[in-house]
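The values are calculated or read from the model by the stated rules, or taken from the named source; none is laboratory data. Note that the coordinates shown come from a computational prediction; the quantities given were computed from them, not determined experimentally. Cβ placement follows ideal geometry from the backbone for every residue including glycine, while neighbour counts extend to all protein chains displayed. These accessible areas exclude ligands, DNA and RNA; they are computed on the full protein's heavy atoms, side chains included. Shrake-Rupley method; radii C 1.70, N 1.55, O 1.52, S 1.80 Å.
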Amino acid sequence: MEGGSDKPKVEITSQSTKVTSGTDVQEKLILAARVFSDLLKPTYGPRGLDKMLYKTDGTTAVTNDGAKIVAELLVKHPAAKMMVSMAESQEEDCGDGVTTTMLLCGSLLIEANNLFRKGLHPLTLVDGYGLSLEVALSQIEKDISITDDEKIISVAKTSLRGKVAESNLTVFSSLIVDALKTVLKNRGEALAQHVSMFKIGTGGSQDSRLVKGVIIRSRVLLNNLPNNLKDSHVICLDGDIKIREMVRDTELKITNADDFDSFIGAERDRKEAIFRGISETGARVVLCSGEIDKDILHLMCDRGILAVEKLDSSELRNASEATSSRIIENPMEIEAGDLGFCGRASWTRKESSSEVEDVIRIDDCLSPSVVTIEVGGAGGTGTEEVIRGLHDSLRATSLALEDDLLPGAGATFSRIAHAVREVSESQGGR
């Protein structure tokens, strides 16, 4: 600074840049957060409406799910980014309640802004909100009740209300509870990721059902592969079912026909050995992540073994957990303890195209730790919204299976507000 001037020698920002400081910054940040939370206000409550989102890729989505709306917004403002982070945390922990959380935060910010204008210091406000949080948690502990089957069904229904899935509330709530209880019984815990979703593409939502197993989209290689297998053992292989390729390139010099026949015979014997390693286990369903040699495939087909190739890691893992089988790498080292079981294995041929593939069902497993909900409907935007609602309900209901419950319909919020108001009257100072 020189000559008493209040301007620095070097200006970091351009002349047109407007610099804001002090309480103006607080008000602008609060305003941005309020605008963001107000976006979700019309979707809340029994009279809430859906919002149509137009995405940058030209597609549209119609939803009233707070997490979906927040995820689709392009946010740049720092205060709004804070709201997005809060919404993501709520969705991660509970799977539902994003809209409620956003509206509650917006209301707290509105009240904070009013108190700032009255001269209250931000740290004093933070201390007051912290004390209110302690009172709220204490009141929650007093109001919890023990979970039972009737309350679990109520939780599932409540989390489905206000969504497209509400059109068949009784059907979907029963499916959700049955799915989670099945998983809980067989693996000791029940999370939303243990329940897969599959779109039937036909019928209506009332045609939805629970599959105690998995449904896989993959091309069935041969038309005469066995179908509708009952009470079958299952093998899950992580790798190819074929002769392993050599790491280095080699050349064979064959001088007569007998040597060539010997080479072909050795290759055939090796393929038959791989086939025997599978067939002698008694398994009738083989699922693998790699490729299946065509000669081995035909041998398995003749023996009445259903073989499916090129499954991704998640599909193979889900199939393993559903059938209680172990994922193995070498088809020559299969043991009896590696086999799983399914009550029914079937497949349905679909039209050949770049996207549509055959549907393979592994159903009626004895103790599945992964299950699937088949969702009826045309498979368009409406079905996608139903599945989104089911995911939210699965998360909320899975939490209710593990913990005690609180009263709904706003009763808990009213009790907390009353408790905070009572404690505030006994507090001294600002």
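Here are a few things to note about the model shown:
- Within the stretch 163-187, the residues that satisfy the criterion of being polar (S, T, N, Q) and either touching a residue at least 40 places away in the same chain (Cβ under 8 Å) or touching a Cys at 6+ places or on another chain (Cβ under 8 Å) (or both) are ASN168, SER173, THR182, ASN186.
- Some residue of the stretch 134-146 being under 22 Å from the mean Cα position of the chain (by Cα), farther than 25 Å from ALA345 by Cβ and in contact (Cβ under 8 Å) with a residue 60 or more places away in the chain: no
- Scanning the stretch 371-415 for residues that are open to solvent by 10 Å² or more (accessible area, probe 1.4 Å), aliphatic (A, V, I, L, M) and more than 27 Å from ALA61 (Cα to Cα) returns LEU399, LEU401, LEU405, LEU406, ALA409, ALA411.
- In the stretch 315-341, residue farthest from the chain's Cα centre (by Cα) [restricted to those that are closer than 20 Å to THR182 by Cα and among the small types (Gly, Ala, Ser)]: GLY340
- Odd one out for PHE263, checked against (1) out of contact with any Asp or Glu (no Cβ under 7 Å at 6 or more places or on another chain); (2) at pLDDT 90 or above: (2)
To keep it simple, each residue is scored yes or no on (1) among the hydrophobic types (A, V, I, L, M, F, W, C); (2) at pLDDT below 80.
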residue	(1), (2)
GLY66	no, yes
LYS76	no, yes
GLU88	no, no
ASP93	no, yes
VAL98	yes, no
THR101	no, no
CYS105	yes, no
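- Flag if ALA322 is part of a loop (DSSP other than H, G, I, E, B) and not acidic (Asp, Glu): no
- Within the stretch 44-53, one or more residues are of a type in the set (Lys, Arg), open to solvent by 60 Å² or more (accessible area, probe 1.4 Å) and in a loop (DSSP other than H, G, I, E, B).
- Some residue of the stretch 185-207 being of a type in the set (Phe, Trp, Tyr) and surrounded by fewer than 16 Cβ atoms within 10 Å (Cβ to Cβ): no
- Number of residues in the stretch 209-239 that are charged (D, E, K, R), assigned to a loop (DSSP other than H, G, I, E, B) and open to solvent by 70 Å² or more (accessible area, probe 1.4 Å) equals 2.
- Among residues that are among the basic types (Lys, Arg) and either open to solvent by less than 10 Å² (accessible area, probe 1.4 Å) or over 19 Å from the mean Cα position of the chain (by Cα) (or both), ARG361 is included.
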